[in-house]
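**Q** Would you mind keeping the following structure in view while I ask a few things?
The values are calculated or read from the model by the stated rules, or taken from the named source; none is laboratory data. Keep in mind that what you see is a predicted model, and the values were worked out from it rather than measured. Every residue, glycine among them, receives a Cβ derived from its backbone with ideal geometry; neighbour counts consider all protein chains shown.
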Amino acid sequence: MAFKFESLQVWQRALDLSDEIDQLTKKFPKDELYVLSSQIKRAADSVVLNIAEECTGQTNPVFKTFLGYALRSGIEVVSCLFIGRKRKIINDSDFNKLYDEYQTLTKMITALRNTL
């Protein structure tokens, strides 16, 4: 692996979840394309990107800051899941699965941040 972040389980899980969010949004109605669909995808991608961005070659305090950004983006995904469920765009099964996955991911991010 060429980059340090590639070996992090938290980054790998965030990457997988970003893909799951992308697949979920393909089922959204067209009128949500530039609204909720765009927002949840950007938030999910932001988790992955923030973990990677400051993982390599930065100080622990800087990495900790970017893990905070990743954590907030994860919470944004969860909020989008709630909005989607409320609008009846996301069914309960998809909501529950992704909610649980993001709960685990945010715990992983928090645990990594606390080790720095």
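**Q** Could you check, for segment 30-38, whether at least one of its residues is surrounded by 19 or more Cβ atoms within 10 Å (Cβ to Cβ) and touching an Asp or Glu at 6+ places or on another chain (Cβ under 8 Å)? Working first, answer last.
**A** Taking segment 30-38 and keeping what is surrounded by 19 or more Cβ atoms within 10 Å (Cβ to Cβ), we get 36-37.
Pick out the ones that are also touching an Asp or Glu at 6+ places or on another chain (Cβ under 8 Å) and you get none.
Scanning segment 30-38, I find no residue that is surrounded by 19 or more Cβ atoms within 10 Å (Cβ to Cβ) and touching an Asp or Glu at 6+ places or on another chain (Cβ under 8 Å), so the answer is no.
**Q** Still on this structure: Name the residues in segment 7-29 that are loosely packed, with under 15 Cβ neighbours inside 10 Å, closer than 19 Å to T115 by Cβ and either under 10 Å from the mean Cα position of the chain (by Cα) or modelled with pLDDT of 95 or more (or both), would you?
**A** Residues satisfying the conditions are Q9, Q12.
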